[in-house]
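This report concerns only the one structure given below.
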Amino acid sequence: MASFVRIQDEDFDVGAEIHALRLGNPGVGAVASFIGCVRDMNEGDAVNLMYLEHYPGMTERELEKIATEARGRWNILDTLIIHRVGELKPLDQIVFVAVTSAHRGDSFAACEFIMDFLKTKAPFWKREATPQGERWVDARVSDDAAAARWKP
């Protein structure tokens, strides 16, 4: 079992990433994944650009902790978390999470868990450029509620 975490400026190729994650492991019976993309609207305003910042080292450690917790809850084989930083435009991919397991239920649940906690626990900061100017994006109550449902 392994978890892989990458923070990068560059885009990623989902097909190549899934292929590499599955490669050589005949025990993989399921792969669940999530791709997050930049929207052109947020809170009713047009979004021209998004700037993502992170705390190097701390961000990767937090994502590793989230993946480790998922492995403790579900019977999963491998996890991959890729998160982009820097300047992004609408339609750009921001985040990719993939989870492999023998059966789909474990992969689906672990993938959703990782995303819910990534949104609330990982130290990323988002700033949007709108026609009205730039603004920081606050945490959403709905993201906190999604993460809260996983707590015992």
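The values are calculated or read from the model by the stated rules, or taken from the named source; none is laboratory data. Keep in mind that this is a model prediction, so the values were computed, not measured. With ideal geometry, Cβ positions are generated from the backbone for all residues, glycine too; neighbour counts draw on all protein chains shown. Please note that ligands, DNA and RNA were not included when accessible areas were found on the heavy atoms of the full protein model with its side chains. Shrake-Rupley method; radii C 1.70, N 1.55, O 1.52, S 1.80 Å.
Tabulated values for the structure
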{"item": "Trypsin sites (Lys or Arg not before Pro) restricted to DSSP loop in the range 114-152 with at most 10 other C-beta within 10 Å", "result": "Arg149"}
{"item": "Whole-Å distance, taken between Cα centres, linking the range 117-150 and the range 1-62", "result": "16 Å"}
{"item": "Whole-number percent relative contact order across the chain, with pairs defined as alpha carbons under 8 Å at least 6 apart", "result": "33 percent"}
{"item": "Dimensionless Rg ratio for the range 72-119, taking C-alpha atoms and the 2.2 N^0.38 Å reference", "result": "1.31"}
{"item": "Computed log₁₀ I(q)/I(0) - Debye formula, equal Cα scatterers, no solvent, the range 84-152, q 0.11, 0.15, 0.22, 0.26 Å⁻¹", "result": "-0.37, -0.64, -1.09, -1.24"}
{"item": "Potential extension, Phe4-Gln93 segment - 0.36 nm per residue separation minus Cα distance", "result": "30.2 nm"}
{"item": "Accessible-area composition of the range 9-84, carbon plus sulfur, in percent [1.4 Å probe]", "result": "51 percent"}
{"item": "Where only alpha carbons of the range 1-71 are counted, the Rg and the Dmax (Å)", "result": "15.6, 47"}
{"item": "Helical mean residue ellipticity (222 nm; -39500 (n - 2.57) per DSSP H run of 4+; nearest 500) of the chain", "result": "-10500 deg cm²/dmol"}
{"item": "Two-decimal Rg to Rh for the range 15-152 - Kirkwood Rh, Cα set", "result": "1.00"}
{"item": "Solvent-accessible area per residue for the chain (1.4 angstrom probe, square angstrom)", "result": "54 Å²"}
